[in-house]
1. Label-point separation (nm) for residue 121 and residue 224, each offset 7 Å from Cα along Cα-to-Cβ?
2. Estimate the FRET efficiency between residue 176 and residue 67 by the formula 1/(1 + (r/R0)^6), using the beta-carbon distance for r and 41 Å for R0, to the nearest 0.05.
3. If one computes the Cα centroid of segment 229-284 and of segment 162-200, what distance in Å separates the two points?
4. State the antiparallel share, in %, of DSSP beta bridges confined to segment 139-279, rounding to the nearest 5.
5. What's the ranking of 174-180, 254-260 by average number of surrounding C-beta atoms within 10 Å, highest first?
6. Please find the FRET efficiency linking residue 38 to residue 280, where r is the Cβ-Cβ separation and R0 is fixed at 30 Å, and quote it to the nearest 0.05.
7. Take the Cα radius of gyration of segment 7-136 and divide it by 2.2 N^0.38 Å, with N its residue count; two decimals is plenty.
8. Take each of the peptides 96-104, 212-220, average the number of other beta-carbon atoms within 10 Å over its residues, and list them starting from the highest.
């Protein structure tokens, strides 16, 4: 696998940086659909000697790897034994120092709630060269597959991304809920399922209306994607009753109403889209 040719498609030639032995590539695999991989991500999959991957990396993406690559699972799952972050970082260093091409494959984007910065700094400290390959973060790609834009000229010029839990599983305690509720019309929470009731209560106590439209998106961009629209006051019970499973995104704000006009996946199955969804009363 030493020779790395140009990617050629329909007469177009694209020369990508070579994946050298002893390097670690920190690569975002996107939210799930293999079609959302970047060219560099596909390039890395084809030439890696070892792939250290997270729990959120879809099996269909791993199947694109070259057949000689060794796969090592390094995912974290709440309540189950899993490798610590220092263990993962040390493993990346050790593999690189064996002279291997090491692909660290992470769901979404490595630098958006992906702890890619911690791993990159560990490589710097160990003197290991690395390349960062951004990926489509689920807070953007997942919403797009649900027909919900993160920004829209008629609704918001600000969007805030918030992690739904800290490393130990608790709801982040540094969130200024009043400031968040007041300043950001649209808020996207990553992995909030455990604390959804607390999140909605905090936002309502901070001034957001109980009738505000919200959506919960499960397994975004995959064939198992589910989208539940509700209101801030009713979402916790609605999500419990639906039985949707993680990984879940939770979006709060007026952009949820746009799903009535932009649910392009639903349209493929015959759903009638509304040409003026902000006036249709939809999204709830």
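No lab work stands behind these numbers, since they all come straight from the coordinates. This is a predicted model, so every value here is computed, not measured. Neighbour counts run over all protein chains shown; Cβ positions are idealised from the backbone, glycine included.
1. 3.4
2. Values: r = 50 Å, r/R0 = 1.22.
The calculated FRET efficiency here is 0.25.
3. A separation of 19 Å, based on Cα centres.
4. Working: 16 of 21 bridges.
Counting only bridges with both partners in segment 139-279, antiparallel ones make up about 75 percent.
5. Numbers: 174-180: 12.4, 254-260: 23.7.
The densest-packed peptide leads the list: 254-260, 174-180.
6. FRET efficiency, residue 38 to residue 280: 0.25.
7. Details: Rg = 14.0 Å, N = 130, 2.2 N^0.38 = 14.0 Å.
The reported ratio for this selection is 1.00.
8. 212-220, 96-104
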